[in-house]
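**Student:** Below is the structure I would like to discuss, written out as structure tokens.
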Amino acid sequence: MRTLAALVFPGFQTLDFFGPIEMLGDVGDEIEIVTVAKSGKPVPSYHGQKIVVDSLLSEKNDYDLLLIPGGDSALIEAEDEELMQWIREASENAERVMAVCTGTVLLGMAGVLDGRKATTNKLDFTDTVHLAPRVDWVREARWVEDGKFFTSSGVSAGMDMALAVVADLFGMDQADKTARSCEYSWHKDATWDPFAKSAGLV
């Protein structure tokens, strides 16, 4: 069984978190999902729902998988050095690292994406990518895979990315089965990105 650290912070984007968790959690006993945060208090999402935390940053940083959601508050979290150091250490230890939307910018600001390809939310692209200038930002992509790092465009794109990780770890049959069980139309082409054009990036 692999352990998945799913990071939350106040104001995390709801679907950034729960979309990938739905896909990754559907593989049964293969993945144990652990919600991680700096504080043990229930953490509110952008939409106000609060989630109970399983583990604190200070307790553990060696998980097999790591998921970082986005949200407008993600960039504020970059000011927290304890959190940023945990992201660096957890990323180094993890077998696969996933980030959604502005969570990718947060990951980039931590320095672990230096020299790697990555993508993020297209509506916020030009306003955020300068915060992590050493990342090779891909302007047109639903998600990007570079080594063990999987990063996605905005919000719903995280589900496509998560299914790509399921396929990577457990095979395409399992990923297809997961998508069917969710009645989800999976965009398997990582380059499919109509939002890049509508945002004026290409």
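The values are calculated or read from the model by the stated rules, or taken from the named source; none is laboratory data. These numbers come from a predicted model, not from an experiment. Glycine gets a Cβ as well: all are built from the backbone with ideal geometry, and neighbour counts include every protein chain shown. Please note that ligands, DNA and RNA were not included when accessible areas were found on the heavy atoms of the full protein model with its side chains. Shrake-Rupley method; radii C 1.70, N 1.55, O 1.52, S 1.80 Å.
**Student:** For segment 151-199, which fully contained helices (runs of 4 or more DSSP H) count at least 1 residues that are open to solvent by 40 Å² or more (accessible area, probe 1.4 Å) and in contact with a helix residue (DSSP H, G or I) (Cβ under 7 Å, 6 or more places away or on another chain)?
**Tutor:** Counting at least 1 such residues, we get 157-170, 172-181.
**Student:** Which of the residues that make up segment 111-124 are surrounded by fewer than 24 Cβ atoms within 10 Å (Cβ to Cβ) and among the hydrophobic types (A, V, I, L, M, F, W, C)?
**Tutor:** If the condition is that a residue be surrounded by fewer than 24 Cβ atoms within 10 Å (Cβ to Cβ) and among the hydrophobic types (A, V, I, L, M, F, W, C), then VAL112, LEU123 are the ones that fit.
**Student:** I would also like to ask the following. Hey, could you check segment 46-62 for residues that are of a type outside the set (A, V, I, L, M) and open to solvent by less than 60 Å² (accessible area, probe 1.4 Å) and say which is nearest to LEU106 (Cα to Cα)?
**Tutor:** My answer is ASN61.
**Student:** Also, quick follow-up: Among what's in segment 111-129 and is in a loop (DSSP other than H, G, I, E, B) and among the aliphatic types (A, V, I, L, M), pick the residue that is nearest to THR151 (Cα to Cα).
**Tutor:** Restricting to residues being in a loop (DSSP other than H, G, I, E, B) and among the aliphatic types (A, V, I, L, M), the top hit is LEU113.
**Student:** Quick check on segment 12-35. Is at least one of its residues of a type in the set (S, T, N, Q), closer than 17 Å to VAL155 by Cα and surrounded by fewer than 22 Cβ atoms within 10 Å (Cβ to Cβ)?
**Tutor:** Yes, because at least one residue in segment 12-35 is of a type in the set (S, T, N, Q), closer than 17 Å to VAL155 by Cα and surrounded by fewer than 22 Cβ atoms within 10 Å (Cβ to Cβ).
**Student:** Could you look through segment 73-97, keep only residues that are touching a residue at least 12 places away in the same chain (Cβ under 8 Å) and assigned to a loop (DSSP other than H, G, I, E, B), and pick out the one that is most open to solvent (accessible area, probe 1.4 Å)?
**Tutor:** Taking the candidates together, the pick is GLU95.
**Student:** Could you figure out which of (1) under 18 Å from the mean Cα position of the chain (by Cα); (2) part of a loop (DSSP other than H, G, I, E, B) isn't true of PHE18?
**Tutor:** Exception for PHE18: condition (2).
**Student:** Can you tell me which residues in segment 63-72 are among the hydroxyl-bearing types (Ser, Thr, Tyr) and either exposed (fewer than 15 other Cβ atoms within 10 Å of the Cβ) or under 16 Å from LEU113 (Cα atoms) (or both)?
**Tutor:** Those that are among the hydroxyl-bearing types (Ser, Thr, Tyr) and either exposed (fewer than 15 other Cβ atoms within 10 Å of the Cβ) or under 16 Å from LEU113 (Cα atoms) (or both): none in segment 63-72.
**Student:** Determine whether THR3 is part of a strand (DSSP E or B) and either among the β-branched types (Val, Ile, Thr) or over 28 Å from HIS130 (Cβ atoms) (or both).
**Tutor:** In short, yes.
**Student:** I've got another one for you. Among the residues of segment 98-110, which ones are in a helix (DSSP H, G or I) and open to solvent by less than 10 Å² (accessible area, probe 1.4 Å)?
**Tutor:** THR102, GLY103, THR104, VAL105, LEU106, LEU107, GLY108
**Student:** Okay, next question. From ALA175, ALA199, grab the single residue that is closer than 18 Å to VAL100 by Cα and modelled with pLDDT of 95 or more.
**Tutor:** Result of the check over ALA175, ALA199: ALA199.
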